[in-house]
Amino acid sequence: MKCFVVSFLSLFVSVVSFASTLEAGSKLEFEAIQNGAAVSGEFKKFDVQALFNDDIEKMQFTTVVDITSLYATYEEVQTNLQSAEWLDAPSFATAKYQSSKITQNSDGTFSILGELLLKGITQPISGKFTVVENAESRFVADFEFNLNRLDYNVGWQDTNVVKNEVKITSHLILKK
Amino acid sequence: MQIKNTEQVYGLVSKAIHWLMAFGLIGLLTVGWYMEDMPNSPEKFQVYGLHKSFGALMLALVIFRIVWRSINKQPAAPLGLPKVAAFLAMAGHGLLYALMFAMPLLGWAMSSAHGFPVSVFGLFTLPNLVEKSREMAETYGSLHGLGANLLLAVIVLHVLAALYHHFIRKDDVLKRMTHK
């Protein structure tokens, strides 16, 4: 019986480890251009589920972002970015990303296609990432996506002051 | 008109910088107080962007001005000026220079600490003076605001002093910065 419980647990554990746990040190950041200069912020709370495969092209990533965890050094900007005109955190507290297709490029980087649900709007989004697997079998990946904020009805129509293009970067440390 | 200063009068360059900065500083002070209370909008960001750009321009001008002043004669104080007035003039001008130099630096530091780098008229972006920090941004912001009040006070005294020279002492101190 004990043996059965242990083997059952190990099965359970192996399933859990199949989807990853996000490790400390992971980051999800954004960078926009206002008045010609880059400004950045980050989401303090987000979760990533990765479906691991030795063939990285067969991997899948699902990310859930807590929009209310948005942090910017300039507190007024943090408040404004969460307001209805921008991300509308009170109405749309979470954003969700789901990858659909990963292909390796000739330079060793990966291209990733997927969909992003943000402010109630789902749009396809493409990006790229690099991966290293370190000794402690941590899967360390750096993602970069470019999104057009107006595709998601985020912020002012005027794109002179704050550009439409927003760069999303994510440094993920995942435990296999 | 002389390019450089003489013992009697300010040269063209000194006059030009004086008046450019006079209008620049009064404009920046006015816009600075106005823009704080603007509702969040593209216009507010534009105004902030212009305030920073003109502030950077003032910093460049004041650095040039200090260099120019150091390689130029300063017109002598008018004859018979009471010692206390001469001292007040020196202290007032010292404070003006200190504020003209410190104000853009504090604004620049505040922007850097806020994580909002200063783009100068969209032509280039200034490097960040300090690391991002919410607490330090507030400190620099308070000092920038305090400096603005002090600068306004010193400008008012400066104008009153010029009028005192012109209308009460009836000397040429005001004229030598205008048309003499």
When (1) on the phi > 0 side of the Ramachandran plot; (2) surrounded by 13 or more Cβ atoms within 10 Å (Cβ to Cβ) are applied to B:Gly80, the one that fails is (2)
Of the candidates A:Ile102, A:Ile67, the one satisfying the condition of being among the aliphatic types (A, V, I, L, M), within 22 Å of A:Asn153 (Cα to Cα) and surrounded by 13 or more Cβ atoms within 10 Å (Cβ to Cβ) is A:Ile67
When every residue in segment A:118-147 that is at pLDDT 95 or above and hydroxyl-bearing (Ser, Thr, Tyr) is compared, the one farthest from A:Ala93 (Cα to Cα) is A:Thr130
Among B:Phe54, B:Phe23, the single one that is closer than 30 Å to B:Pro117 by Cβ, touching a Gly at 6+ places or on another chain (Cβ under 8 Å) and either at pLDDT 95 or above or surrounded by fewer than 18 Cβ atoms within 10 Å (Cβ to Cβ) (or both) is B:Phe54
Reported set for segment B:34-61 where residues are facing chain A (nearest Cβ under 8 Å) and within 19 Å of B:Trp108 (Cβ to Cβ) is B:Phe45, B:Gln46, B:Tyr48, B:Gly49, B:Lys52
So the strands (runs of 3 or more DSSP E) completely within segment A:28-86 holding 3 or more residues that are under 21 Å from B:Ser41 (Cβ atoms) and within 9 Å of another protein chain (Cβ to nearest Cβ) are A:37-43
Given (1) within 22 Å of A:Glu42 (Cα to Cα); (2) among the β-branched types (Val, Ile, Thr); (3) more than 12 Å from chain A (Cβ to nearest Cβ), B:Val173 misses just (1)
Over segment B:26-42, the set of residues surrounded by fewer than 14 Cβ atoms within 10 Å (Cβ to Cβ) and either part of a helix (DSSP H, G or I) or of a type in the set (D, E, K, R) (or both) is B:Ile26, B:Thr30, B:Trp33, B:Tyr34, B:Glu36, B:Asp37
Scanning segment B:138-173 residue by residue, the ones that are without any contact (Cβ under 8 Å) to a residue 12 or more places away in the chain and in a loop (DSSP other than H, G, I, E, B) total 1
Flagged pairs (Cβ under 9 angstrom, 6 or more apart or on separate chains; first in segment B:14-36, of a type in the set (Val, Ile, Thr); second not in a helix (DSSP H, G or I)) are none
Exception for A:Glu42 within (1) within 23 Å of B:Val118 (Cβ to Cβ); (2) of a type in the set (D, E, K, R); (3) surrounded by fewer than 14 Cβ atoms within 10 Å (Cβ to Cβ) falls at (3)
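Considering each residue of segment A:104-122, count those that are within 18 Å of the chain's Cα centre (by Cα) and in contact (Cβ under 8 Å) with a residue 24 or more places away in the chain, and give that number.
Within segment A:104-122, the subset within 18 Å of the chain's Cα centre (by Cα) is A:109-122.
Narrowing the set further to residues that are in contact (Cβ under 8 Å) with a residue 24 or more places away in the chain leaves A:110, A:112, A:114, A:116, A:118-121.
The number of residues fulfilling the criteria is 8.
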Within segment A:148-161, residues at pLDDT below 95 and assigned to a strand (DSSP E or B) come out as none
Counting only residues in segment B:135-158 that are under 15 Å from A:Tyr74 (Cβ atoms) and surrounded by 16 or more Cβ atoms within 10 Å (Cβ to Cβ), the one farthest from the chain's Cα centre (by Cα) is identified as B:Met136
The condition from (1) more than 14 Å from every other protein chain (Cβ to nearest Cβ); (2) assigned to a helix (DSSP H, G or I); (3) touching a residue at least 12 places away in the same chain (Cβ under 8 Å) that B:Ala77 misses is numbered (2)
Quick count over segment B:93-129, residues being within 11 Å of another protein chain (Cβ to nearest Cβ), touching a Ser or Thr at 6+ places or on another chain (Cβ under 7 Å) and either among the aliphatic types (A, V, I, L, M) or not in a loop (DSSP other than H, G, I, E, B) (or both), is 6
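Residue by residue, here is whether (1) outside any loop (DSSP other than H, G, I, E, B); (2) touching a Pro at 6+ places or on another chain (Cβ under 6 Å); (3) exposed (fewer than 12 other Cβ atoms within 10 Å of the Cβ) holds:
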| position | (1), (2), (3) |
| --- | --- |
| A:Ser91 | no, no, yes |
| A:Ser111 | yes, no, no |
| A:Leu117 | yes, no, no |
| A:Pro124 | yes, no, yes |
| A:Gly127 | yes, no, no |
| A:Glu136 | no, no, yes |
| A:Asp142 | yes, no, no |
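The values are calculated or read from the model by the stated rules, or taken from the named source; none is laboratory data. Computed from a predicted model, the values in this text were never measured in an experiment. Quick reminder, even Gly has a Cβ in these numbers, built from the backbone with ideal geometry, and neighbours come from all protein chains shown.
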